[in-house]
Structure formats: structure tokens, C-alpha cells
1. In segment 180-203, is there at least one residue being in contact with a Phe, Trp or Tyr (Cβ under 7 Å, 6 or more places away or on another chain), over 22 Å from THR32 (Cα atoms) and part of a strand (DSSP E or B)?
2. Inspect all residues belonging to segment 177-186 and state whether any of them is touching a residue at least 24 places away in the same chain (Cβ under 8 Å) and touching a strand residue (DSSP E or B) at 6+ places or on another chain (Cβ under 8 Å).
3. So, in segment 23-35, exactly how many residues are out of contact with any strand residue (DSSP E or B) (no Cβ under 8 Å at 6 or more places or on another chain) and either under 28 Å from GLU209 (Cβ atoms) or among the β-branched types (Val, Ile, Thr) (or both)?
4. Collect the residues in segment 77-96 that are crowded, with 20+ Cβ neighbours inside 10 Å and not aromatic (Phe, Trp, Tyr), keeping them in residue-number order.
5. If ARG36 satisfies every condition in (1) on the phi < 0 side of the Ramachandran plot; (2) in contact with a helix residue (DSSP H, G or I) (Cβ under 6 Å, 6 or more places away or on another chain) but one, which is the exception?
6. Could you list all residues from segment 1-39 that are exposed (fewer than 14 other Cβ atoms within 10 Å of the Cβ), in a helix (DSSP H, G or I), of a type in the set (Gly, Ala, Ser) and modelled with pLDDT of 55 or more?
7. Suppose we filter GLN219, GLN184, GLN208 for residues that are at pLDDT 90 or above, surrounded by fewer than 18 Cβ atoms within 10 Å (Cβ to Cβ) and over 29 Å from GLU112 (Cα atoms); which single one remains?
8. How many residues are within 26 Å of ALA147 (Cα to Cα), not in a helix (DSSP H, G or I) and not β-branched (Val, Ile, Thr) if we restrict to segment 40-81?
Amino acid sequence: MAKQFLTADEVKVSITAGLKRPFSSWKEEVATYFDRLAPEWDARMVIDEAKINFILDAAAVTANAVVLDVACGTGVLFPYYLRRNVDHVIGVDISAEMARIAATKVDDPRLEVICGDIQMVPVQWRCDCVVIYNAFPHFEDPPQLIAGLTRWLKPEGRLTVAHGMGLEALRRHHVKSAKRVSCQMLPANEMAEVLAPWFEVDTKISDQEKYIVSGKLGQWVFRL
């Protein structure tokens, strides 16, 4: 597919032409919603570095890793990946405005930001880690999403679904303005069941401050 590039020095945004508007009505609404919020997103963000680092530890983001950040938003996690000396980060977001801001956040050639639907984007790299942070409820079909993400992972690569708030707080948040673009978040045990056909889930944490479900790609998984 043809690509256009918006460059901020060494950081690039790949706008995949074929992904621009074949979205379902759900995905269209998600993209529009986050386009609208993008300009003030960072100003409203509350950063808890200790919590982020705990999540990235659980996600096995370590030196030399290749990371896929699904629904990366404005690139909130980018500086934390780079501090861990990762080799490469691919951030994907369906919102063009979120992706545009993410591309200008950090000047580093290890970062690539793709604006598009992660379920349609061609695989760019085989990754050690796939991270879905503060985004999972905005995907309409979780099993389809998880199955597709296995394409990006190396053997025994790890997928992590995480939120920087507890389950009840997350649900209260999403019944407000985000209600039309959010599905109800699953309890950790049920999320583990969603991952189980493809992943060996070894981490389930759900308390008042955070939510993490993580596992390694199973050896039985066949990827095209």
C-alpha cells in the first residue's frame, strides 16, 4: 500500500492510504472521538511513573526489545520505552490527530508511528512485546483483535493488556463521555480466558490502582 510520511526530524508518521476510510461505523466513531480529544489529551493526562514502570516490567519491555504499542495515542509511553533502551517502537493509532502528536513527541529514530487500523496494518516487524495500554475497551471485537496481534509477535513474544486505573474506576470513566466508543472492560480472569487460545497467561493483576493481564505467545500458535 502507498504511504505518505509526515516527518518530525527522524520520527515518522506513516499514513497508510488504504486505511483511511474503510472503517466500520464503530471504528469511524472511535477515530472521530479521539481526533476531537487529541489537542488537550496530554494536558489532561495524569502521569504516575512508578505505575507505568510496573506495567512495563510486567510487559517485559527490556533493553533491545522491539515493541508494538497498540492504540498508542499521543505517545504517552514512548519516553518510558526509550529509557529502557529498546531497539524499536511501532506505535499504531486509528486517530490521525493522536498519531500526529505522537510523532512529534520524541525525536528518536527508533520510533515509528503508523496512523491506521491495527487490524488492517501490514506487519512491519516481528516484536518481542505488544502493549495495549489504556485502550482495550475501544476495540469492538476482542478475540479478533488478539488473534490478529499474534501476527506481530516473535515466538514466545508477550502481549500485555493494561490500564493505569482499577477496573471499577475504569468502568465509571467509560460510562461518561466515552460510553459510545467503549465496551465494558472484562475482569482479569475473563480477559485471561480471551487470551488463552493464543497465550500462556502468567500475570493477572486487578486492584484499585491498575489492571494488567499478560502472557507469552503459546508454542501451539500457527501464524501465517
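The values are calculated or read from the model by the stated rules, or taken from the named source; none is laboratory data. Just so it is clear, the structure is predicted and the values come from calculations on it, not from any experiment. Positions of Cβ are backbone-derived with ideal geometry, glycine not excepted, and every protein chain shown enters the neighbour counts.
1. So far as segment 180-203 goes, no, none of its residues is in contact with a Phe, Trp or Tyr (Cβ under 7 Å, 6 or more places away or on another chain), over 22 Å from THR32 (Cα atoms) and part of a strand (DSSP E or B).
2. Residues of segment 177-186 that are touching a residue at least 24 places away in the same chain (Cβ under 8 Å), as a first pass: 178, 180-186.
When the remaining residues are screened for being touching a strand residue (DSSP E or B) at 6+ places or on another chain (Cβ under 8 Å), the result is 185.
Yes - at least one qualifying residue is present in segment 177-186.
3. Total meeting the criteria: 3.
4. Result: LEU77, VAL86, VAL89, ILE90, GLY91, VAL92, ASP93, ILE94, SER95.
5. Here ARG36 meets the rest and fails (2).
6. SER25
7. GLN208
8. Total satisfying the criteria: 11.
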